[in-house]
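J.: One structure, as structure tokens, below. Some questions next.
Nothing in this text is a laboratory measurement; each read-out follows from the coordinates by a stated rule. Quick caveat, the model's predicted, so the values are computed rather than measured. Ideal geometry is used to build each Cβ from the backbone, glycine not excepted, and the neighbour counts take in all protein chains shown.
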Amino acid sequence: MFSTTTKEFAAATKDSAADDVRSAANKAKRDVNNGADRAESNVIDAASHAGQRVRDFIDNTSDKIHNASDKVKNEVNDNPMQSTLIALGAGFVLGMLFRR
């Protein structure tokens, strides 16, 4: 029905198309892998940056708490009577509020 030349041309065309499809599939696979690698790197960088920001926040907050604690200790040591009266007054007010 078809000539030998036509059959050979059809076979060569089929083989060429199969090679083109394999090549395109391999390129797509490489592109996906490269994209995944970039995404992974971006996520790692973002997580590292967020972790550093959290550590900085914790360090900063810890320093502020330590400074506030030192100020309270110094104030109590410098004015023990005033501090005692303030604590008693605050306790009385809180006691009244919680009774209700």
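J.: In a Gaussian network model over the chain where Cα atoms closer than 10 Å are linked, find which of Gly51, Gly35, Gly89 has the largest mean-square fluctuation.
T.: Gly89
J.: Can you give me the Cα centroid spacing of region 40-100 and region 9-26 in angstrom?
T.: What the calculation gives is 71 Å, centre to centre.
J.: Something else: Run the reach check for Lys71 against aspartates and glutamates, Cα to Cα strictly under 20 Å, same-chain hits fewer than 8 apart removed. What comes back?
T.: Asp59, Asp63
J.: Once both axes come from the Cα atoms, what is the angle between helix 80-99 and the longest principal axis of the chain, in degrees from 0 to 90, rounded to 10?
T.: 70 degrees
J.: Could you name the lysines whose alpha carbon sits less than 20 Å from that of Lys64, not counting residues in the same chain fewer than 8 places away?
T.: Lys73
J.: Might you report the magnitude of the Cβ-based charge dipole of the chain about its Cα centre, with Lys and Arg at +1 and Asp and Glu at -1, to the nearest 20 debye? Intermediate results must be reported in sequence, preceding the final value.
T.: Working: 14 positive and 14 negative charges, 90 e Å.
Dipole of the chain, to the nearest 20 debye: 440 debye.
J.: A further question follows. Picking from Ile86, Ile58, Ile44, which is most flexible by a Gaussian network model of the chain using Cα springs under 10 Å?
T.: Ile86
J.: Next question, about the same structure. By what distance, in whole Å, do the Cα atoms of the chain stretch along each of the three principal axes, largest value first?
T.: 115, 35, 5
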